[in-house]
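All remarks here apply to the structure that follows.
All of the numbers you see were taken from the coordinates with simple rules; none came from a lab. Nothing here was measured: the structure is a model prediction, and the numbers come from that model. We place every Cβ from the backbone using ideal geometry, glycine too, and count neighbours over all the protein chains shown.
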Amino acid sequence: DAGVIQSPRHEVTEMGQEVTLRCKPISGHNSLFWYRQTMMRGLELLIYFNNNVPIDDSGMPEDRFSAKMPNASFSTLKIQPSEPRDSAVYFCASSLGQITGELFFGEGSRLTVL
Amino acid sequence: AQSVAQPEDQVNVAEGNPLTVKCTYSVSGNPYLFWYVQYPNRGLQFLLKYITGDNLVKGSYGFEAEFNKSQTSFHLKKPSALVSDSALYFCAVRDSGYSTLTFGKGTMLLVSP
């Protein structure tokens, strides 16, 4: 079975540009999570979807960040405009939605904003 | 609220020796506890979890973890470390009333030959 698929794996862009990160969760999973990892702050939960509906977006840093899940097999995280402090590795994870269930992570998208 | 602490930024151990990576947690309800491993430039991989029952949980790659309710701890252990175990290890907790996982800061494990 394919795991969680993220694209792009690496993105280098200039400050002010729009960045879109994509995620395909594991088929059958109904919960999807976006995390950001930095050396300074570790792993931070940005937003959590259940059955394609955003449940908790309290971790989204500011209005420049937005996330969508138009269907069960696709989600995007968009940053517009991007800033150098957004440089991080962004992970998507999915799960079956059970409270006892583990998360399955993608390989991450490494974003560098110059 | 739920939180988890990994008190050590780095753990160094010689190959063949036992290893322990520490984790303590705080929840208001029943804890569901998880360990993940991250290799360089990779995503997090699930190792094991405690939900209920036996306090000693066995997981992937020979790892195990011991749940201690009185000490609110969930330490990761392995009887004999391998160089290939060198990686970043994350402890995570989910309170029984929450839907999301909270991760610790991570502990870098370095196993020397």
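Amide H to amide H, which residues 5 or more places from A:Ile5 or on other chains are under 5 Å from it, using H placed in the peptide plane?
A:Lys24
Can you work out the Karplus-derived ³J(HN,Hα) for every residue in the stretch A:21-36? Use 6.51 cos²θ - 1.76 cosθ + 1.60 with θ = phi - 60°, whole Hz, and x for glycine or proline.
Once θ is set to phi - 60°, the couplings for the stretch A:21-36 become 9, 10, 8, 10, x, 5, 4, x, 7, 10, 10, 9, 10, 10, 10, 10 Hz.
What residue among A:Ser87, A:Phe74, A:Gly42 has its Cα farthest toward the positive end of the dipole of the stretch A:1-102, where the charges are +1 on Lys, Arg and -1 on Asp, Glu, each on the Cβ?
Of the listed residues, the answer is A:Phe74.
For the stretch B:37-113, which trypsin sites (Lys or Arg not before Pro) pass both filters: DSSP loop (anything but H, G, I, E, B) and at most 12 other C-beta atoms within 10 Å? Present the calculation step by step, with values, prior to reporting the outcome.
Working: sites: B:Arg42, B:Lys49, B:Lys58, B:Lys69, B:Lys77, B:Arg94, B:Lys105; in loops: B:Arg42, B:Lys69, B:Lys105.
Answer in residue order: B:Lys69.
Mind checking which of B:Ser80, B:Ser99, B:Ser26 has the largest fluctuation in a GNM of chain B, springs on alpha carbons under 10 Å?
Taking springs between Cα atoms under 10 Å, the residue moving most is B:Ser99.
In sequence order, what are the phi-derived ³J(HN,Hα) couplings for the stretch B:3-20 according to the Karplus relation 6.51 cos²θ - 1.76 cosθ + 1.60 with θ = phi - 60°, rounded to whole Hz, with x for glycine and proline?
Residue by residue, the stretch B:3-20 yields 8, 9, 10, 10, x, 10, 6, 8, 10, 10, 8, 7, 4, x, 8, x, 10, 9 Hz.
If one puts a single equal scatterer on every Cα of the protein assembly as shown and applies the Debye formula without solvent, what log₁₀ I(q)/I(0) results at q = 0.13 Å⁻¹?
The Cα Debye sum returns log10 ratios of -0.77.
Under the Karplus relation 6.51 cos²θ - 1.76 cosθ + 1.60, θ = phi - 60°, what is the ordered set of whole-Hz ³J(HN,Hα) values for the stretch A:12-17, x standing for Gly and Pro?
For the stretch A:12-17, the Karplus curve yields 10, 9, 9, 3, x, 7 Hz.
Sequence-distant or interchain residues sharing an amide H contact under 5 Å with A:Leu46, placed H: which?
Close amide H contacts, sequence-distant or interchain: A:Trp34, A:Tyr35, A:Arg36.
Between the stretch B:30-83 and the stretch A:19-95, what's the alpha-carbon centroid distance in Å?
Rounded to whole Å, the Cα centres lie 26 Å apart.
Just to be sure I understand: with springs between alpha-carbon atoms less than 10 Å apart, which residue in B:Pro18, B:Pro40, B:Pro31 has the highest mean-square fluctuation in the Gaussian network model of chain B?
In this elastic network of chain B, the residue with the biggest mean-square fluctuation among B:Pro18, B:Pro40, B:Pro31 is B:Pro40.
Under a 5 Å amide H to amide H cut-off, with H placed in plane at 1.01 Å, what residues pair with B:Gly106 once short-range neighbours are removed?
B:Gln6, B:Cys91
Using Cα pairs closer than 8 Å and at least 6 residues apart in sequence, work out the relative contact order for the stretch B:72-113, in percent.
44
Mind checking the alpha-carbon convex hull of the stretch B:10-76 and giving the volume per residue in Å³?
118
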